[in-house]
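The values are calculated or read from the model by the stated rules, or taken from the named source; none is laboratory data. Quick caveat, the model's predicted, so the values are computed rather than measured. We place every Cβ from the backbone using ideal geometry, glycine too, and count neighbours over all the protein chains shown. Just so you know, the surface numbers come from the protein's heavy atoms only, side chains and all, with ligands and any DNA or RNA stripped out. Shrake-Rupley method; radii C 1.70, N 1.55, O 1.52, S 1.80 Å.
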Amino acid sequence: MQLVVARIGRAHGIKGEVTVEVRTDEPELRLGPGAVLATDPAGAGPLTIETGRVHSGRLLLRFEGVSDRSGAEALRNTLLIAEVDPEDMPEGEDEYYDHQLMDLDVVTADGTEVGRITEISHLPSQDLFIVERPDGSEVMIPFVEEIVTEIDLDAQKAVINPPPGLIDDRAEIASSRDDALGEEEA
């Protein structure tokens, strides 16, 4: 199975290095020197990582055969794709690959059907499940421990404990101002 592990950003310096937007929780495994990665578009690769280093919090890579800035700039926005065994699991206990979460049924703790995961959005602050509801609408569920309480790959489901208003529009609005108004009227 192929997984997107990074997207190449702008060139860095004049010796062929590029910044990369990492899209894997295991960059040391997937983006280490010697790794051979397929690309999208396919014509840009395959690319073999020659060196990698972190500079100012960003991962910089240099690929074999790319030795100048113009070669690096030509790779901008190319996706880097690693071949992964579909049976492999991430090293962390509560970590999952996107393909393992896709199409899971999403239910609340009491068994109420919410929908099916159709996409996983990786944002800087957290990951989101994009869930298609039975009526065709979509809802975004933050993939955080407080909300997603269980992932059961065998049963093909994700159990959630949503706060009021996340999956319905019956949000409870609590305000200390409301309490103060109520006391004044009494």
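Values for this structure:
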read-out: Percent accessible area from carbon and sulfur atoms, the range 35-168, protein chains only, probe 1.4 Å; value: 46 percent
read-out: Surface accessible to a 1.4 Å probe, per residue, for the residues of the range 36-130, Å²; value: 58 Å²
read-out: Listed peptides 119-128, 156-165, 33-42 by packing density, highest first (mean Cβ within 10 Å); value: 156-165, 33-42, 119-128
read-out: Estimated inter-spin distance, E73 and H99, nm [label 7 Å along Cα→Cβ]; value: 3.6 nm
read-out: Amide H within-cut-off set for L59, under 5 Å, with H built and near neighbours excluded; value: V20
read-out: Relative contact order (%) - criterion: Cα under 8 Å, at least six apart; region: the range 1-71; value: 33 percent
read-out: Residue (of V5, L29, P46) at the positive-pole extreme of the range 1-128, dipole from beta-carbon charges; value: P46
